[in-house]
1. Nearest 0.05, what FRET efficiency do Asp119 and His67 give at R0 = 41 Å with Cβ-Cβ as r?
2. Might you report the magnitude of the Cβ-based charge dipole of the chain about its Cα centre, with Lys and Arg at +1 and Asp and Glu at -1, to the nearest 20 debye?
3. Find how much the distance from Thr43 to Tyr96 grows on full extension, using 0.36 nm per residue of separation minus their present alpha carbon separation; answer in nm with one decimal.
4. Which of Ile192, Leu68, Gln48 sits closest to the plus end of the dipole of the chain, meaning its Cα is farthest towards the positive end, when Lys and Arg get +1 and Asp and Glu get -1 on the C-beta?
5. Using a Förster radius of 51 Å, what is the FRET efficiency between His35 and Gln178 based on their Cβ-Cβ separation? Nearest 0.05, please.
6. What does the extension gain come out to for Leu130 and Tyr216, with contour length at 0.36 nm per residue minus their alpha carbon separation?
7. If you take the beta carbon distance between Met88 and Val10 as r and set R0 to 41 Å, what does 1/(1 + (r/R0)^6) give as a FRET efficiency, to the nearest 0.05?
8. In whole percent, how big is the carbon plus sulfur part of the accessible area of the stretch 2-235, probe 1.4 Å, protein atoms only?
Amino acid sequence: MWFQPVVSTVTGQIIGAEALVRMRTPDGRILSPYHFIGAAEETGMIVQLGEHVLRSAIEHLIYWSGHLGYVSVNVSPRQLAEPDFVPMLAGVLTAYPQLDPSRLVLEITETAMLSSTVDVGERLATIKRLGVRIALDDFGTGYSSLTWLESVPADIVKLDRSFVAGLAVDQRKSSIIQAVLWLARSLGMSTIAEGVEEIDDWAALQAAGCPAVQGYFFSEPRPPEEFQEMLINRKCVTPLAQFT
Ligand code: C2E
Ligand code: CA
Ligand code: CA
């Protein structure tokens with residue numbers, strides 16, 4: 001498990017982290033999930049992988065409790081469609097009674113709703129009753145973002161990086177972002193802008209009132225030891241010093 005910080009635009013502090021899985025090959029190379037999530041889904045191995053990711057993310061969060069607010073975990077459509085997904089989640093939460101479930105966020109994509117035969121809305125409502133929070137990942141890239149927003153009891157909208165890159169110099173992107181921020185706020189959801197790489201885009205997001213951001217500008221995903229060092233030394237917020 002590697003971790004990428006989510007940073008508050010108000011305080012410049014790390015408020016959470018996204019857990020992003022990696023695979024180490026026998027010759028020591030690190031593979032991105034793009035190389036194996038598809039195969040894990042096709043073979044059904046995503047079920048065991050998903051549980052491993054969930055437990056590992058929770059264990060790290062508990063270990064970093066004094067320093068980190070929450071951790072978010074990606075859940076693929078195939079995982080969510082499994083009849084055992086909710087019982088598995090409930091079982092894992094029971095195994096970690098010291099964890100406040102609202103410190104766990106599940107990131108789901110619109111394809112979960114489109115490709116599934118199960119009632120995803122009902123499943124997500126059950127997950128919310130467990131106290132776990134839900135984030136809509138890659139928001140704005142699908143075909144039915146507004147339906148998604150209306151029908152899913154989400155807490156967080158993650159604005160896809162295609163809207164974020166070059167925002168500072170693109171009035172159309174800026175208008176879209178402002179509209180999504182307004183919509184999310186009116187629905188009682190928080191927004192995280194993904195893929196922030198440039199200081200100008202960061203400044204534009206802060207000016208637009210986007211509460212939180214994530215991206216290479218602050219830090220790439222890092223292995224746990226490096227993430228921990230950043231968390232404790234707060235190294236990744238250094239570039240923001242000029243704004244605070
Ligand atoms: P995602 O959930 O949209 O995750 C964000 C991806 O964008 C990550 O790629 C991250 O490294 C990358 N990223 C972050 N900041 C920036 C930036 O500023 N610029 C650019 N260009 N990219 C940035 P990663 O780690 O390779 O993950 C790829 C996808 O694999 C994820 O996309 C997610 O859909 C999936 N994935 C990752 N971990 C898991 C997992 O544990 N379970 C499942 N089911 N899927 C996972
Ligand atoms: Ca994600
Ligand atoms: Ca995303």
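1. Values: r = 38 Å, r/R0 = 0.93.
E(calc), rounded to 0.05, equals 0.60.
2. Details: 18 positive and 28 negative charges, 87 e Å.
Result for the chain is approximately 420 debye, rounded to the nearest 20.
3. Values: separation 53, 0.36 × 53 = 19.08 nm, distance 2.88 nm.
Result: 16.2 nm gained on full extension.
4. Leu68
5. Numbers: r = 36 Å, r/R0 = 0.71.
Result of the calculation: an efficiency of 0.90.
6. Details: separation 86, 0.36 × 86 = 30.96 nm, distance 3.25 nm.
Gain on stretching Leu130 to Tyr216: 27.7 nm.
7. Details: r = 35 Å, r/R0 = 0.86.
Computed FRET efficiency for Met88 and Val10: 0.70.
8. On the way: 6140 of 11270 Å².
It is 54 percent, rounded to a whole number.
The values are calculated or read from the model by the stated rules, or taken from the named source; none is laboratory data. It should be emphasised that the depicted structure is a prediction, and the values quoted were computed from it without experimental measurement. Every residue, glycine as well, gets a Cβ built from its backbone with ideal geometry; the counts of neighbours run over all protein chains shown. Note: accessible area is taken over every heavy atom of the protein model, side chains too, but ligands, DNA and RNA are not part of it. Shrake-Rupley method; radii C 1.70, N 1.55, O 1.52, S 1.80 Å.
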